Amino acid sequence: MMEKRIYNLDNVKVILILLVIIGHTLLNSYGDDGIEYIRFICRCFTMPLFTFISGYLTKKEQAFWKNVKYLLYPCLLFTVVNDILQMLVTPNYVFSWKQPGFAMWYLLALFIYRVLLPYLLRIKYVITLSFLLSWLVGFIPFIGNDYSLSRIFCFLPYFLLGYFVAHENRFSIIKDAIFTKLNWRGYYLCYRIYK
């Protein structure tokens, strides 16, 4: 049975993609306070929300080879393409398998999350522990950009939270608040009341 598509999530993803583009466009804007604030706003919640949506749309039963086909293969392919183009354009470019190319780190992270999800769900208090782990990895010197480990650990809690909001009854209050009780008109009304 095919599940009903949630078009509001598609709309949110479009807005997030635009914010990611704006945030990356303003990367070299250090020094201009106004643009710094815009860049900060664009970048502070976009990837956590993307990861939350990915978790929300993830099913517990994951076909390993389907994830390899749709996540890992594209990650490897576009990393190789990116590295070849970088070598042609940048004279001193150093190729490294430790760095997924361009934005491919997200596909790698999503692949790892989906493969590990059945095992993570067996851990009691996994969301709390994942938030604690995402905070602690900042203090561990060998966890950095290699294999996107720091990003994988840092965004894991949002993925799990999205999954639990979609699939666990104890999170139904959050799910109702997001999808049924409030709509754009409701958000605007709340804004006008509390302004």
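Within the stretch 23-86, the percentage of alpha carbon pairs spaced more than 13 angstrom apart rounds to 75%. Local charge for F155 was computed over the other residues whose Cβ lies under 15 Å away, with Lys and Arg +1 and Asp and Glu -1, and equals +3. Compactness check for the stretch 134-175: Cα Rg over 2.2 N^0.38 Å is 1.50. Evaluate the Debye formula for the stretch 54-93 with equal point scatterers sitting on the alpha carbons, no solvent, and hand back log10 of I(q)/I(0) at q = 0.13, 0.23, 0.25 Å⁻¹, in q order, two decimals. Here log10 of I(q) over I(0) equals -0.44, -0.76, -0.82. For the chain, the 222 nm mean residue ellipticity estimated from helices alone, with every DSSP H stretch of n ≥ 4 adding -39500 (n - 2.57) and the total spread over all residues, rounds to -20000 deg cm²/dmol.
Could you tell me which label, among [x] 0.97; [y] 1.16; [z] 0.90, carries the value of Cα Rg over 2.2 N^0.38 Å calculated for this structure? Answer by label: [y].
Ratio of Rg to Rh for the stretch 69-131: 1.17 [Cα atoms; Kirkwood radius as inverse mean 1/r over pairs]. Pairs over the 26 Å Cα-Cα cut-off, from the set K4/K66; K59/K98; K98/K175; K98/K124; K4/K124: K59/K98; K98/K175; K98/K124; K4/K124. For the chain, complete DSSP H runs whose alpha carbons reach 20 Å or more along their own long axis and whose mean Kyte-Doolittle score is 0.5 or higher are 7-25, 73-89, 105-120, 149-167. Among W97, W105, W65, sorting on how many other beta-carbon atoms sit within 10 Å of each Cβ, with the fewest leading, yields W65, W97, W105.
Read-outs throughout are calculated quantities, based only on the coordinates presented, and are distinct from any laboratory measurement. Nothing here was measured: the structure is a model prediction, and the numbers come from that model. All Cβ positions, even for glycine, are placed from backbone atoms using ideal geometry, and neighbour counts span all protein chains on display.
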